[in-house]
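Written out below as C-alpha cells is the structure these notes cover.
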Amino acid sequence: MADLAYYLRISNHLAGNLDIRSALRSVKTEIEQILPLDHLDVCLIDEDRKWNTSYEVGMRTSWSSRRSHIDESPVRDILSGVCETMITGDATADPRYIFEGSASEPILRHHLRSRVNVSMKVLGRTIGSLNCSSQIANIYDENTILQVRNLADVLAPYFYALRATESAKREAVIRTEVQAREEGLRLGALSLTEALEAERQRIGMDLHDQTLADLTRIARDLNAASSRAEIRALQIRMQDCIQGLREIIDTSIPSLLELFGFQHAVRMHLERALGTKPHIKIQVSDNSNGAFDALPETTRTALFRIAQEAINNAVQHADASMISVLIADDAGYWMEIRDDGNAKISHEHPRTTGGLTHMRTRARLIAANFEIANENGTVVRVQLPRRNVEMTEAAK
C-alpha cells in the first residue's frame, strides 16, 4: 500500500503539467525520497529514431542544450534496444558510457559516478530512458533498478503524451508562421504593385511636365531662331533636356548598378540627389569587399531601391549637413543610411510615409530585417541574413 500511495503521489504531481521539464521537476522531490541522486534526466528518442533529446533537472548540463545522435549517447545500448537497463558504480571509468565520440562530457565534468538507466516503453516500444546519477560511487544496486523500472513505467506514457503534444504545438507554430509569411508576401506584393503603378505615373508626369514641355519650347524657339548664338543656346538647352531624360531613365533602371557595382551606384545617386545642396557632406563606405555585387539581381536591386529612397528622404526632408552610407558583410548583408538632420521620418514628414512603406515592403519581399530610428538624426538599417538569401533563391 505504501508503494501504491507513493506512485499515486507521483501521478498527482504529473497532473496539470503541460511540458516535460515541468513534469520532471514536479516529481524530482518524490523520487529523491526513495533514491539518492544528484542528477535526473529523461532521454527521449526523436521521431526519426536516429536522434534523442534530453530533459534534465538538478544540474544543468550540455545534454539538454542540443539534440544528440543515438550512436553518441552514453545510453545508446538502451535507446537502440541492445538492453533494457544499465547500472554502474563509476560511469567515469565505464567504457559503456565513455567511448570515442560519446556525448559523455557531463559525466566527466560533474563526476556522475553511480548511474542507473532504465528503458521507457509505450506499447512495448522503447521511447527513451530514465536516468538517475549520483556523484557518490557504488551506491546503486539491483533493488535500485527495480525502483527506477517502476518509476519509468509510470512516467513513460505521460511523457510520451507530452512529447506528442509538444510536436503538435511545434507543427502548429510552423504552419502559422508559414501562413503569416505567405500572407505578408501577398500583401507585400500588392503594396509593391501599387508602388510600381505610382512610380509609373510619376515617370509619366515627369516626362510630360518636364521633358515634353522642354522639347516643345525648344522646337518653338528653333523655328524662330535666326542667329548662330540663338542656335547655340538651343543646343545647350537640348543637352540639358537630354540629361534630364537620362536622369529619369537612370532612376527607373539602375544601369549604374549593373555597370559599376553597388557602392558606386549608391555614391552616384547620392551625389545626384544633392543637386543644389553641395554643402551636405557625404560618405559611402563598403566594408563588404564587394559582397553586395554577388547578390542575386532581384535582391541587389531591392537593396539599391531602399538606399535610393532613404537618401532621397534625407536630402529632401532632413535639413542635414552630413549623409553617410555604410555597406558591410557582417553576420549577413548589412546596410545603414544615416543623416544628422532634425527630421523624424515617421512623424514629422508625412510626405515620406509612402516611401517608408515602400522601403519596408521591399525589405520584406527579400526577407530582410528593416529598422528606422532617430539617433542624432535618422538612421535606416537593413540586415539580410545569408540563409534568407539562400531560401529566397531556393524558392524561385
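Residues in segment 301-309 carry Karplus couplings, in order, of 5, 4, 5, 5, 5, 4, 4, 4, 5 Hz; the curve used is 6.51 cos²θ - 1.76 cosθ + 1.60 with θ = phi - 60°, and Gly or Pro positions show x. With every protein chain in place and a 1.4 angstrom probe, the accessible-area ranking of Lys281, Lys28, largest first, reads Lys281, Lys28.
The solvent-accessible area of Leu326, taken with every protein chain present and a 1.4 Å probe, is close to 50 Å².
The largest accessible area among Ile337, Ile98 belongs to the first residue in Ile98, Ile337, and the rest follow in falling order (1.4 Å probe, all chains). Ser80 contributes an accessible area of around 70 Å² to the protein surface, as traced by a 1.4 Å probe with all chains present.
For the residues Glu336, Glu309, Glu105, a 1.4 Å probe over the protein chains yields an accessible-area ranking, largest first, of Glu105, Glu309, Glu336. Ligands, DNA and RNA aside, Thr298 has an accessible area near 90 Å² when probed at 1.4 Å.
Restriction of the chymotrypsin sites (Phe, Trp or Tyr not before Pro) in segment 258-314 to DSSP coil positions whose beta-carbon has at most 12 other beta-carbons within 10 angstrom yields no sites.
The values are calculated or read from the model by the stated rules, or taken from the named source; none is laboratory data. Fair warning: this is a prediction, and the values are worked out from it, not measured in the lab. Glycine gets a Cβ as well: all are built from the backbone with ideal geometry, and neighbour counts include every protein chain shown. Heavy atoms of the whole protein, side chains included, go into the accessibility calculation; ligands, DNA and RNA do not. Shrake-Rupley method; radii C 1.70, N 1.55, O 1.52, S 1.80 Å.
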